[in-house]
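The values are calculated or read from the model by the stated rules, or taken from the named source; none is laboratory data. Computed from a prediction, not measured in an experiment: that's the story for all the values here. A quick note on method: Cβ atoms are made from the backbone with ideal geometry, for glycine too, and the neighbour counts reach across all protein chains shown. Ligands, DNA and RNA are stripped out before the accessible areas are found, and what is left, the full protein with its side chains, is counted by its heavy atoms. Shrake-Rupley method; radii C 1.70, N 1.55, O 1.52, S 1.80 Å.
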Amino acid sequence: MLRLTKKADYGLMALKYLAEHPETPSVSAKDIADTYGIPAQLLAKVLQRLAKVGLLRSHAGMNGGYGLSKSARTISAFEVIRAIDGPLFITSCTKGSKSCDIEANCTVKEPLARVNDSIAGVLKSISINDLVDDETAAIRRAQMKQFVTLSLTM
């Protein structure tokens, strides 16, 4: 069975959370972990990795935390998974592994490579913004609009 690691799941969840809270410039790993009930230390390591590859920006200090480094529309699920888990392979032979004893007689290497490429294509087509719940996003937009209106009238 093809499955994402927990780290990849947590990374996607964290970026989704950040995309749902664009009004907050920096969110701590603990806040995100508490929201989803996931281990804060593990999430912190995942977020550090995502910051290292440039998908997140980190802020140190009292109000430190993480924020998206670019628009949620431009970050793909594939980028997040690759940053955390490395290259996506459904079998080791699809990317030129030399350890296969039956490569000369193998009849599934090429079809499996096409499956691998298809899965990667689907993940590349899904942005973090696509993961954001429409209802939650609509509520956030309404709150921001109301805040801006109140700010302008004061």
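Summary table
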| read-out | value |
| --- | --- |
| Calculated from backbone phi, Karplus (6.51, -1.76, 1.60) coupling profile of the stretch 108-125 in Hz, x at Gly/Pro | 10, 4, 5, x, 5, 5, 5, 4, 4, 5, 5, 4, 4, x, 5, 5, 5, 7 |
| Summed residue charge, Cβ within 14 Å of residue 5's Cβ, Lys/Arg positive, Asp/Glu negative | +4 |
| Solvent-accessible area, 1.4 Å probe, carbon plus sulfur percent, for the stretch 1-62 | 54 |
| Derived scalar couplings ³J(HN,Hα) [the stretch 35-44; Karplus, 6.51 cos²θ - 1.76 cosθ + 1.60; whole Hz; x for Gly, Pro] | 4, 9, x, 10, x, 5, 5, 5, 4, 4 |
| Karplus (6.51, -1.76, 1.60) ³J(HN,Hα), θ = phi - 60°, over the stretch 55-61, in Hz, Gly and Pro reported as x | 7, 10, 10, 10, 10, 8, x |
| Three-way shape label, the stretch 55-94, alpha-carbon gyration tensor, a/c 1.5 | oblate |
| Surface accessible to a 1.4 Å probe, per residue, for the residues of the stretch 20-79, Å² | 56 |
